[in-house]
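First up is the structure itself, then whatever we jot down about it.
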Amino acid sequence: MKLLALERELPGVTPDQCAPHLRGEAAMLWRLVQEGTVREAYFRQDRSAAVLVLECADAAEAEQALSRLPLVEAGLIAFDLLPLIPYPGFSRLFSPSGATE
């Protein structure tokens, strides 16, 4: 299952609180990439927040993987998980009526 994880800053957290965890955060994210759990990692252009694409059996597995990140462990950030499915609209291109079946 593919999931989109959107970082959510928690109220009252300052950059100074996050700073000591950033190297460990990068190391754990690299480990999750190497394991194949995190497939893509981005930062939003409009603000400093991570956007991750994960491949997991289910949302519970994704939550468990994200809980290994030092900033999550320290209670400084959280993630909203969005389960994704393939876009079904292409079937309209191959259907005689053009309708989704």
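Quick look at the numbers
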{"read-out": "Cross-chain or 6+ apart pairs with Cβ under 7 Å, segment 48-69 first and closer than 13 Å to Lys2 by Cα, then part of a helix (DSSP H, G or I)", "value": "Leu54/Ala62; Leu54/Ala65; Cys56/Ala62; Cys56/Ala65"}
{"read-out": "Residue in segment 54-65 that is of a type in the set (Asp, Glu) and modelled with pLDDT under 95 present", "value": "no"}
{"read-out": "Qualifying residues in segment 45-57 (those that are among the charged types (D, E, K, R) and over 22 Å from Ile85 (Cα atoms)) - the one surrounded by the most Cβ atoms within 10 Å (Cβ to Cβ)", "value": "Arg47"}
{"read-out": "Matching entry among Glu63, Glu40 (being charged (D, E, K, R), surrounded by 10 or more Cβ atoms within 10 Å (Cβ to Cβ) and more than 27 Å from Gly12 (Cβ to Cβ))", "value": "Glu40"}
{"read-out": "Matching residues, segment 1-18, being part of a strand (DSSP E or B) and closer than 15 Å to Leu76 by Cα", "value": "Leu6, Glu7, Arg8, Glu9"}
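The values are calculated or read from the model by the stated rules, or taken from the named source; none is laboratory data. Please read all numbers here as calculations on a predicted model, not as lab measurements. As a convention, Cβ positions derive from the backbone with ideal geometry for all residues, glycine included, and neighbour counts pool all protein chains shown.
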